[in-house]
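The values are calculated or read from the model by the stated rules, or taken from the named source; none is laboratory data. Since we're looking at a predicted model, the values are computed, not measured. As a convention, Cβ positions derive from the backbone with ideal geometry for all residues, glycine included, and neighbour counts pool all protein chains shown. These accessible areas exclude ligands, DNA and RNA; they are computed on the full protein's heavy atoms, side chains included. Shrake-Rupley method; radii C 1.70, N 1.55, O 1.52, S 1.80 Å.
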Amino acid sequence: MKIEFLRDIKGRGEHVMRIYDFDKSQAQLFRDDIREVITEGRTVHLSDKEYITCVNCFFSLRISGQDVGILTDDDHHFFLKMSIAGYEDILQKIEPFCQRDAKTYIWLYDLDNPVELLFSAGEFVLHPDDVDED
């Protein structure tokens, strides 16, 4: 499983945090980490997990009083801040990936936030014109 921050998709100031290139067993480990956030209420640093390779960022999960989405102060350290209900919704969305190996993708939330969260079992590739490499 890899995590990568893609900046300025299509030049509109929209960004994507992409969780991709994983199999069923890695999806299950990710699910378990989300469950840990829900049950223990503590921050989980995905960047520290052996089953995850963070390509260009640090990514952590935190409980929040409301669904906020992904926040950053420096475009390098990112925090997903969701309510318990928001994380439970994410768990429902990723469950099919935990049941079988797949080569599809799903957006994990629909919030008014400039950073979207993409969960893609395969190497979901955005068109090169859609990503600003700077």
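Structure values in brief
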item	result
Proximal lysines relative to residue 24, as straight alpha-carbon distance under 19 Å, when same-chain residues fewer than 8 apart are discounted	2, 49, 93, 103
Gained length - residue 92 relative to residue 64, 0.36 nm times residue gap less alpha-carbon distance	8.2 nm
Prolate/oblate/rounded call for the stretch 13-124, Cα gyration tensor, a/c under 1.5 rounded	rounded
Efficiency of FRET from Cβ geometry, residue 73 and residue 24, R₀ 25 Å, rounded to 0.05	0.15
Cα gyration tensor shape for the stretch 18-84, rounded if a/c is under 1.5, else prolate or oblate	oblate
Of all accessible heavy-atom area on the stretch 42-123, the percent that carbon and sulfur account for (1.4 Å)	47
Radius 14 Å from Cβ of residue 50, net charge of other residues (Lys, Arg +1; Asp, Glu -1)	-1
Rounded to 5, percent antiparallel among DSSP beta bridges of the chain	50
Percent of Cα pairs exceeding the 17 Å cut-off, where the set is the stretch 69-123	44
Area of residue 54 that stays accessible when all protein chains are in place (1.4 Å probe, Å², to 10)	40
Cut-off of 10 Å, at most 13 other beta carbons, DSSP loop: longest stretch of the chain lacking such trypsin sites (Lys or Arg not before Pro)	43-99
Over the chain: helical MRE at 222 nm, DSSP H runs n ≥ 4 each giving -39500 (n - 2.57), nearest 500	-8000 deg cm²/dmol
Charged-residue dipole, Cβ positions (Lys, Arg, Asp, Glu), the chain about Cα centre, Debye nearest 20	480
